[in-house]
Each structure stands twice: as structure tokens, then as C-alpha cells.
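One structure is given here, and the rest of the page talks about it.
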Amino acid sequence: MEATAKLRYLQASPQKVRLVIDQIRGKDVQTAANLLELSKKSAARPVRKLLQSAISNVETRDENVDIDRLYVKTAFVDGGPTLKRIRAQPMGRAFRILKRQSHVTITLDTRKVEEEA
């Protein structure tokens, strides 16, 4: 059973969010949640909420799915729109500040059960 959750317009640069996403890609759901809980990165909190949303999406689609067999199949970050702001500088100058946004997508799937011979 596969389910997807998307987080759009996250107010964090894609480069910083990719550092968090790379840690959980391919991991079991419980391991990924623990890593995000203990991470000091500011992007870990919204990514953890997105992971919980993906788990809820799986439960909604199939009530008798085994949560312990779920893993993060794909996780990626795309750049969103950039907000352009101006900061005043000395001698009448103005410097541009770019506030970058991200779109995060997480897909969960169930691991296949390996039969013992």
C-alpha cells in the first residue's frame, strides 16, 4: 500500500531541508520519526509533521495496514517561489534578500514479507 503526503511553501531553503530529508530516505517509519524527533535542524519539525500526515493517509486508505512494515520509499525536496525583500544599506543603497521556499514530498510503502524456507 503506497501513500503520499506533500508539504508546499515551507519557509526554509531547499538546501537546508534536503539535509533532513536525506537522513530519513529508505528508513522504517518508526526510525525516521525518531531521527526527526532528535534532530536539531529547524526543518525537522515540519518534516516530522509531514511524515505523520503520510502515515495517517496510509491508515485512511487501508485500515488493516501494518504500520511496522511501512518505510519511506521516496522523499524529495523541490524549490518553491522565492520572496524578494529589500534591506537598506549605507549610503542610500539597497541589498536584496531572497527568502527561499520549499515543496517537500514523502511517499510511504509497505515492505514485502520475506518467507523463511
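The values are calculated or read from the model by the stated rules, or taken from the named source; none is laboratory data. Note that the structure is a prediction, hence the values are computed from the model and not measured. Counting neighbours? That spans all protein chains shown, and the Cβs are built from the backbone with ideal geometry, glycine included.
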Six or more apart or on different chains, Cβ under 7 Å: which pairs go from a residue in segment 21-36 that's closer than 10 Å to residue 70 by Cα and at pLDDT 95 or above to one that's loosely packed, with under 14 Cβ neighbours inside 10 Å and not hydrophobic (A, V, I, L, M, F, W, C)? Could you list them?
none
Only one of these is over 19 Å from residue 73 (Cα atoms) and modelled with pLDDT of 95 or more: 13, 53. Name it.
13
Among the numbered criteria (1) touching a residue at least 12 places away in the same chain (Cβ under 8 Å); (2) within 23 Å of residue 10 (Cα to Cα), which single criterion is violated by residue 86?
(1)
Out of all the residues in segment 58-99, which are farther than 19 Å from residue 48 by Cα and of a type in the set (Val, Ile, Thr)?
65, 82, 86, 97
Among residues of segment 83-117 being surrounded by 11 or more Cβ atoms within 10 Å (Cβ to Cβ) and among the polar types (S, T, N, Q), the residue nearest to the chain's Cα centre (by Cα) is 105
Output the residues belonging to segment 58-88 that are of a type in the set (S, T, N, Q) and modelled with pLDDT of 95 or more.
74, 82
Unique match (being of a type in the set (Ser, Thr, Tyr), in contact with a Pro (Cβ under 6 Å, 6 or more places away or on another chain) and touching a residue at least 24 places away in the same chain (Cβ under 8 Å)) among 13, 53, 102
102
